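Asks: First the structure, then my questions, so here it is.
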Amino acid sequence: MPTESRHLLLFDGVCHLCDHTVQWVLAHDRRGLVHFCPIQSETGRHLYSQHGLDPDHPGSMLLLTPGGALEKSDAALELAALMGPPHSWLRMLRIIPRTWRDAVYDLISRNRYRLFGKRQACWLPRPEWKDRFLEQP
(Lines give C-alpha, C1' and ligand atoms only; values in the text may rest on other atoms or scores of the structure.)
Protein backbone atom coordinates (compact mmCIF):
# COMPACT_ATOMS: atom_id res chain seq x y z
CA MET A 1 0.00 0.00 0.00
CA PRO A 2 1.10 3.56 -0.55
CA THR A 3 2.73 5.50 2.26
CA GLU A 4 1.61 9.00 3.21
CA SER A 5 3.78 10.54 0.48
CA ARG A 6 2.90 8.00 -2.21
CA HIS A 7 0.01 7.30 -4.49
CA LEU A 8 -1.01 3.99 -6.01
CA LEU A 9 -2.31 3.90 -9.58
CA LEU A 10 -4.39 0.87 -10.53
CA PHE A 11 -4.33 0.56 -14.31
CA ASP A 12 -5.53 -1.79 -17.05
CA GLY A 13 -2.34 -3.73 -17.76
CA VAL A 14 -3.43 -5.00 -21.17
CA CYS A 15 -4.40 -1.57 -22.55
CA HIS A 16 -1.76 0.20 -24.66
CA LEU A 17 -3.09 3.64 -23.68
CA CYS A 18 -2.92 2.74 -19.98
CA ASP A 19 0.59 1.31 -20.36
CA HIS A 20 1.73 4.50 -22.06
CA THR A 21 0.19 6.53 -19.25
CA VAL A 22 2.19 4.51 -16.71
CA GLN A 23 5.37 4.99 -18.74
CA TRP A 24 4.68 8.72 -18.98
CA VAL A 25 4.27 8.95 -15.20
CA LEU A 26 7.48 6.95 -14.66
CA ALA A 27 9.35 9.37 -16.92
CA HIS A 28 7.98 12.52 -15.22
CA ASP A 29 7.56 11.52 -11.56
CA ARG A 30 10.97 12.67 -10.33
CA ARG A 31 9.93 12.41 -6.68
CA GLY A 32 8.76 8.81 -7.01
CA LEU A 33 5.34 9.56 -5.55
CA VAL A 34 3.33 7.22 -7.73
CA HIS A 35 3.46 3.44 -7.49
CA PHE A 36 1.56 1.09 -9.77
CA CYS A 37 -0.50 -2.06 -9.74
CA PRO A 38 -2.21 -3.66 -12.75
CA ILE A 39 -5.89 -4.33 -12.20
CA GLN A 40 -5.32 -7.85 -13.57
CA SER A 41 -3.08 -8.79 -10.62
CA GLU A 42 -4.47 -10.36 -7.45
CA THR A 43 -3.86 -7.21 -5.40
CA GLY A 44 -5.17 -4.99 -8.19
CA ARG A 45 -8.38 -7.01 -8.52
CA HIS A 46 -8.94 -6.85 -4.77
CA LEU A 47 -8.35 -3.09 -4.48
CA TYR A 48 -10.37 -2.29 -7.59
CA SER A 49 -13.31 -4.35 -6.30
CA GLN A 50 -13.00 -2.81 -2.86
CA HIS A 51 -13.79 0.56 -4.46
CA GLY A 52 -16.93 -0.71 -6.18
CA LEU A 53 -15.36 -1.23 -9.61
CA ASP A 54 -15.47 -4.41 -11.72
CA PRO A 55 -11.95 -5.76 -12.36
CA ASP A 56 -13.26 -7.99 -15.17
CA HIS A 57 -14.38 -4.89 -17.08
CA PRO A 58 -12.08 -2.04 -16.06
CA GLY A 59 -13.44 1.25 -17.31
CA SER A 60 -11.34 3.64 -15.24
CA MET A 61 -7.95 4.04 -13.72
CA LEU A 62 -8.11 4.26 -9.95
CA LEU A 63 -5.69 6.48 -8.07
CA LEU A 64 -5.41 5.79 -4.35
CA THR A 65 -4.08 8.86 -2.59
CA PRO A 66 -3.44 9.74 1.05
CA GLY A 67 -6.67 11.78 0.80
CA GLY A 68 -8.84 9.07 -0.77
CA ALA A 69 -9.58 7.30 -4.03
CA LEU A 70 -9.95 9.12 -7.35
CA GLU A 71 -11.16 7.72 -10.64
CA LYS A 72 -11.74 8.81 -14.24
CA SER A 73 -10.93 12.46 -15.00
CA ASP A 74 -10.22 13.32 -11.36
CA ALA A 75 -7.52 10.62 -11.29
CA ALA A 76 -6.01 11.82 -14.58
CA LEU A 77 -5.88 15.46 -13.47
CA GLU A 78 -4.39 14.52 -10.09
CA LEU A 79 -1.68 12.49 -11.85
CA ALA A 80 -0.81 15.52 -13.96
CA ALA A 81 -0.73 17.71 -10.85
CA LEU A 82 1.66 15.32 -9.11
CA MET A 83 4.15 15.67 -11.97
CA GLY A 84 4.66 19.38 -11.27
CA PRO A 85 4.76 22.24 -13.78
CA PRO A 86 3.95 22.49 -16.60
CA HIS A 87 1.80 19.33 -16.34
CA SER A 88 0.24 20.44 -13.06
CA TRP A 89 -1.42 23.34 -14.85
CA LEU A 90 -3.86 20.81 -16.29
CA ARG A 91 -5.43 20.75 -12.83
CA MET A 92 -7.18 23.98 -13.85
CA LEU A 93 -9.46 21.81 -15.99
CA ARG A 94 -11.29 20.97 -12.77
CA ILE A 95 -13.34 24.11 -13.39
CA ILE A 96 -15.11 22.05 -16.06
CA PRO A 97 -17.94 20.10 -14.42
CA ARG A 98 -16.93 16.53 -13.57
CA THR A 99 -19.88 15.09 -15.50
CA TRP A 100 -18.54 16.69 -18.70
CA ARG A 101 -14.95 15.65 -18.02
CA ASP A 102 -16.01 12.11 -17.17
CA ALA A 103 -18.18 11.90 -20.30
CA VAL A 104 -15.06 12.53 -22.41
CA TYR A 105 -13.06 10.08 -20.25
CA ASP A 106 -15.76 7.41 -20.69
CA LEU A 107 -15.85 7.92 -24.46
CA ILE A 108 -12.09 7.34 -24.68
CA SER A 109 -12.26 4.45 -22.20
CA ARG A 110 -14.98 2.63 -24.16
CA ASN A 111 -12.95 2.89 -27.37
CA ARG A 112 -9.38 2.57 -26.02
CA TYR A 113 -8.75 -0.99 -27.21
CA ARG A 114 -9.99 -0.18 -30.71
CA LEU A 115 -8.10 3.13 -30.90
CA PHE A 116 -4.86 2.22 -29.12
CA GLY A 117 -4.77 -1.58 -29.07
CA LYS A 118 -4.72 -4.31 -26.47
CA ARG A 119 -2.04 -6.74 -25.34
CA GLN A 120 -2.55 -10.43 -24.65
CA ALA A 121 -0.63 -10.06 -21.37
CA CYS A 122 0.30 -7.17 -19.10
CA TRP A 123 3.24 -4.97 -19.99
CA LEU A 124 6.33 -5.62 -17.87
CA PRO A 125 8.34 -2.68 -16.56
CA ARG A 126 12.05 -2.18 -17.06
CA PRO A 127 14.16 -3.64 -14.23
CA GLU A 128 14.94 -0.21 -12.80
CA TRP A 129 11.21 0.43 -12.33
CA LYS A 130 10.29 -2.86 -10.63
CA ASP A 131 10.33 -1.32 -7.15
CA ARG A 132 7.55 1.06 -8.25
CA PHE A 133 5.15 -1.83 -8.91
CA LEU A 134 3.27 -3.56 -6.11
CA GLU A 135 2.67 -6.72 -8.07
CA GLN A 136 3.00 -8.23 -11.51
CA PRO A 137 0.05 -10.21 -12.84
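Asks: When the residues of the range 78-137 are filtered to those that are aromatic (Phe, Trp, Tyr) and farther than 13 Å from CYS15 by Cβ, which remaining residue is modelled with the lowest pLDDT?
Replies: Of all residues in the range 78-137, those aromatic (Phe, Trp, Tyr) come to 89, 100, 105, 113, 116, 123, 129, 133.
This time we only want the ones that are farther than 13 Å from CYS15 by Cβ, so: 89, 100, 105, 129, 133.
Working: TRP89: 91, TRP100: 98, TYR105: 96, TRP129: 79, PHE133: 89.
Per the stated criteria, the residue is TRP129.
Asks: Which residue is modelled with the highest pLDDT, if the candidates are limited to the range 61-74 and must be of a type in the set (Gly, Ala, Ser) and either more than 18 Å from VAL22 (Cα to Cα) or in a strand (DSSP E or B) (or both)? It would help to see each step written out before you state the result.
Replies: First pass over the range 61-74, keeping only residues of a type in the set (Gly, Ala, Ser): 67-69, 73.
After this cut, where a residue has to be either more than 18 Å from VAL22 (Cα to Cα) or in a strand (DSSP E or B) (or both) as well, the list is 67-69.
Working: GLY67: 92, GLY68: 94, ALA69: 97.
Result: ALA69.
Asks: A follow-up question, please. Mind telling me which of the residues LEU107, LEU77 ends up being under 26 Å from PRO38 (Cβ atoms), in a helix (DSSP H, G or I) and touching a residue at least 12 places away in the same chain (Cβ under 8 Å)? Steps first, please.
Replies: Numbers: LEU107 fails: touching a residue at least 12 places away in the same chain (Cβ under 8 Å).
When all the criteria are applied, what remains is LEU77.
Asks: For the range 81-97, does any single residue satisfy the condition of being touching a Ser or Thr at 6+ places or on another chain (Cβ under 6 Å) and in contact (Cβ under 8 Å) with a residue 24 or more places away in the chain? If you could, list the steps in order and put the result at the bottom.
Replies: Keep residues of the range 81-97 that are touching a Ser or Thr at 6+ places or on another chain (Cβ under 6 Å), which gives 81.
Then keep just the ones that are in contact (Cβ under 8 Å) with a residue 24 or more places away in the chain; that gives none.
No, the range 81-97 contains no residue that is touching a Ser or Thr at 6+ places or on another chain (Cβ under 6 Å) and in contact (Cβ under 8 Å) with a residue 24 or more places away in the chain.
Asks: Against the definition (under 19 Å from PHE133 (Cβ atoms), part of a loop (DSSP other than H, G, I, E, B) and modelled with pLDDT of 90 or more), how does PRO58 come out, yes or no? Before the answer, list the steps.
Replies: Values: under 19 Å from PHE133 (Cβ atoms): yes; part of a loop (DSSP other than H, G, I, E, B): yes; modelled with pLDDT of 90 or more: yes.
Judged against the criteria, PRO58 is a match.
Asks: Please enumerate the residues belonging to the range 4-56 that are hydroxyl-bearing (Ser, Thr, Tyr) and either in contact with an Asp or Glu (Cβ under 8 Å, 6 or more places away or on another chain) or without any contact (Cβ under 8 Å) to a residue 40 or more places away in the chain (or both).
Replies: Residues satisfying the conditions are SER41, THR43, TYR48, SER49.
The values are calculated or read from the model by the stated rules, or taken from the named source; none is laboratory data. Note that the structure is a prediction, hence the values are computed from the model and not measured. A quick note on method: Cβ atoms are made from the backbone with ideal geometry, for glycine too, and the neighbour counts reach across all protein chains shown.
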